[in-house]
Amino acid sequence: MRATTRLHYLIRTSLFLFFILFVVSIGSARATYFNSKSAKAYYYFILSELTNNAKLKEKFLLKAIKLDPYDKYLKKELALIYLGTNRVQRAKEILESLLKKYPHDVELNLLLAKLYLFEGKPDKAKKILEKIKVKAPKNEEILRLLISLYLEEKDWNKALTYLDQAIKKFPDNYILWLFKARVLAAKKDYRQAEKSYITALKLSDFKKSVLFEVVKFLSDIGDFKEMERVIKLAIKKDPSNKGLVRFLLSIYIESQDWQGCEKFLKGYVKSYPDPEFRFFLGFCLENQNRLKEALKIYESIPQNSKWFVQAANEVLNILQKENVRKARDFYLKLLKLKNDEENWIVMLTQAAEDLDMCSYGVKIGEKGLKLYPNSLKIALALASDYACLNRYDLVIKVLKPFLKKHPKNPYLLNFVGYSYVELGKDLRYAEKLLKAAIKLKPKDPYILDSLGWLYFKLGDYKKAKYYLEKAVKLLKEPEPVILEHYGKILWEFGDKKRACSFYEKALKSATHKNDIEQVKKALKLCQ
């Protein structure tokens, strides 16, 4: 709010300094000069300028005004001091008094408008600003205040009028374009808003905050093609920015645009062969069912990369679908690699259960739990291998200690509860655990199956059927154990034909020896 020193006082400054030098050598001139009240007033003004103490500033200015009561600039300076010390009423009295004498002074009017805004009187401020806008059409501060006022009032047309005037004066100001885009978006003129947003982004040199706002706008209006184009432009501007590349990949993955993902990454990894983006190239190819190409890329990811674990896991998944024997051979090769990282241990322990090589998984998981005794991930993976070997007593032994630290983990609660059900003991405690789990994950088919199986064991077939039926309906892919459980409850209700059809479905989807044997036993009743 500091005003510019009036021109005649700037002239006086040089004269005054000359005078100071002059009176050092010619003392007699001093008395004559200080007979001038105007010179004395300026002397006090200088003193006010040389201090940072508000009280002293006010004191010196009051003395200056007493000597020169008609000086507009001195009074304006005093008004500024009053504003700075929250004595708004006194500042207003001075400004209103001055404006009676100088009604067309732009700076005085601007100060009074700011004062009205400070008092929460936007209509009065707006009236003054509109008036002085005619006198000073290119004044940046007047434009800024008017834009702010109309934006606050949501008078979009007026705001746009002044924004366009400001843009005409400052065409390269990205903030003005950004505000214009926001106003147009509020008016639901999305096409023009998009143009203004893109202009703002380019003028800001792809500033991060602007890019984020532009992308959010494009996402809100569903223009994903333009969003993709904008992010690609940003990546072209800063190709080493991994965050931007990840963001673009998230758009491709969310929209399942695997071809777009492949096209972008194939070009990108030529210049930036980062293992992370090579992995995602493999992932995009895998989702197009181009498994050989995906395998080649996954296998090229070096062991010292943090993406090696995920790449190895994807290789196992692909091989398991094509040829289980090949998948097992690859798994045995992985076992020979030296790696004691937690994620590596978890992956190998889980993969053993998937491949029905559970005894290998037990060895790895037990070793891993010694290295990472507080790792719930390793404990759960190891428990899966114990369950695969029908050692539910060991499942409880390894998982139960974790219940105190993770009392709201639904998968942990389910696993411990189901293990008690399989062992046929402490079934009421199992019910308590499973009810807590289902409360956390009410639509999880595995937890629903556990509850249904519990009630089957308790002989409450009505409840058993309710939960098992829900579990089957929520399955995304066939799960032999759940299908077999449902077949058994149908059998108990006398629906033997449907029970046998579910046993057959269970057998088709079973890959573990234990599951196959269990289902075959049930199918014998159907012959």
Only one of Leu523, Leu468 that is within 26 Å of Leu389 (Cβ to Cβ), surrounded by fewer than 20 Cβ atoms within 10 Å (Cβ to Cβ) and among the hydrophobic types (A, V, I, L, M, F, W, C): Leu523
Listed residues Leu47, Leu61; which is at pLDDT 70 or above, surrounded by fewer than 17 Cβ atoms within 10 Å (Cβ to Cβ), touching a helix residue (DSSP H, G or I) at 6+ places or on another chain (Cβ under 7 Å) and part of a helix (DSSP H, G or I)? Leu47
How many residues are over 18 Å from Ala54 (Cβ atoms) and not hydrophobic (A, V, I, L, M, F, W, C) when one looks only at region 65-91? 7
Yes/no for Leu95 being under 27 Å from Lys154 (Cβ atoms) and aliphatic (A, V, I, L, M): no
Take the residues of region 64-78 that are in contact with a Ser or Thr (Cβ under 9 Å, 6 or more places away or on another chain), under 17 Å from Arg90 (Cβ atoms) and of a type in the set (D, E, K, R): which is surrounded by the fewest Cβ atoms within 10 Å (Cβ to Cβ)? Lys75
Of the residues in region 172-197, those that are closer than 24 Å to Glu130 by Cβ and outside any helix (DSSP H, G or I) come to Asn173, Lys187
Going by what's in this entry, would Leu427 be described as within 20 Å of Ser359 (Cα to Cα) and surrounded by fewer than 18 Cβ atoms within 10 Å (Cβ to Cβ)? no
Of all residues in region 395-424 being among the charged types (D, E, K, R) and more than 19 Å from Gly368 (Cβ to Cβ), the one that is surrounded by the most Cβ atoms within 10 Å (Cβ to Cβ): Glu422
Just one of (1) farther than 21 Å from Phe206 by Cα; (2) in contact with a helix residue (DSSP H, G or I) (Cβ under 7 Å, 6 or more places away or on another chain); (3) not small (Gly, Ala, Ser) trips up Lys270, so point out which. (2)
Give the residue that is surrounded by the most Cβ atoms within 10 Å (Cβ to Cβ), with candidates limited to residues of region 168-178 that are over 9 Å from Ser196 (Cβ atoms) and not hydroxyl-bearing (Ser, Thr, Tyr). Leu176
Long-range neighbours under 8 Å by Cβ, at least six apart or interchain, first residue of a type in the set (S, T, N, Q) within region 208-226, second buried (at least 17 other Cβ atoms within 10 Å of the Cβ): Ser219/Met227
Name, by its number, the condition in (1) part of a loop (DSSP other than H, G, I, E, B); (2) closer than 30 Å to Asn339 by Cα that does not hold for Gln288. (2)
Within region 179-197, residues more than 19 Å from Lys236 (Cβ to Cβ), of a type outside the set (Lys, Arg), buried (at least 19 other Cβ atoms within 10 Å of the Cβ) and without any contact (Cβ under 8 Å) to a residue 24 or more places away in the chain come out as Ser196
Considering only region 432-439, I want to know if a residue exists there that is small (Gly, Ala, Ser), surrounded by fewer than 22 Cβ atoms within 10 Å (Cβ to Cβ) and within 27 Å of Tyr372 (Cβ to Cβ). yes
Filter result (under 14 Å from Leu332 (Cβ atoms) and either touching a Phe, Trp or Tyr at 6+ places or on another chain (Cβ under 8 Å) or surrounded by fewer than 16 Cβ atoms within 10 Å (Cβ to Cβ) (or both)) within region 343-362: Leu348, Ala351, Ala352, Leu355, Met357, Ser359, Tyr360
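Results for (1) assigned to a loop (DSSP other than H, G, I, E, B); (2) surrounded by 15 or more Cβ atoms within 10 Å (Cβ to Cβ); (3) in contact with a strand residue (DSSP E or B) (Cβ under 8 Å, 6 or more places away or on another chain), shown as yes or no for each residue.
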{"residue": "Thr199", "(1), (2), (3)": "no, yes, no"}
{"residue": "Glu213", "(1), (2), (3)": "no, yes, no"}
{"residue": "Phe217", "(1), (2), (3)": "no, yes, no"}
{"residue": "Gly222", "(1), (2), (3)": "yes, no, no"}
{"residue": "Arg229", "(1), (2), (3)": "no, no, no"}
{"residue": "Ala234", "(1), (2), (3)": "no, yes, no"}
{"residue": "Pro239", "(1), (2), (3)": "yes, no, no"}
{"residue": "Leu244", "(1), (2), (3)": "no, yes, no"}
{"residue": "Leu248", "(1), (2), (3)": "no, yes, no"}
Whichever residue in region 499-527 is of a type in the set (D, E, K, R) and in contact (Cβ under 8 Å) with a residue 24 or more places away in the chain and, among such residues, is farthest from Pro478 (Cα to Cα): Lys513
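The values are calculated or read from the model by the stated rules, or taken from the named source; none is laboratory data. Just so it is clear, the model here is predicted, and its values are computed rather than measured. Methodologically, a virtual Cβ is constructed for each residue, glycine included, from the backbone with ideal geometry; neighbour enumeration extends over all protein chains shown.
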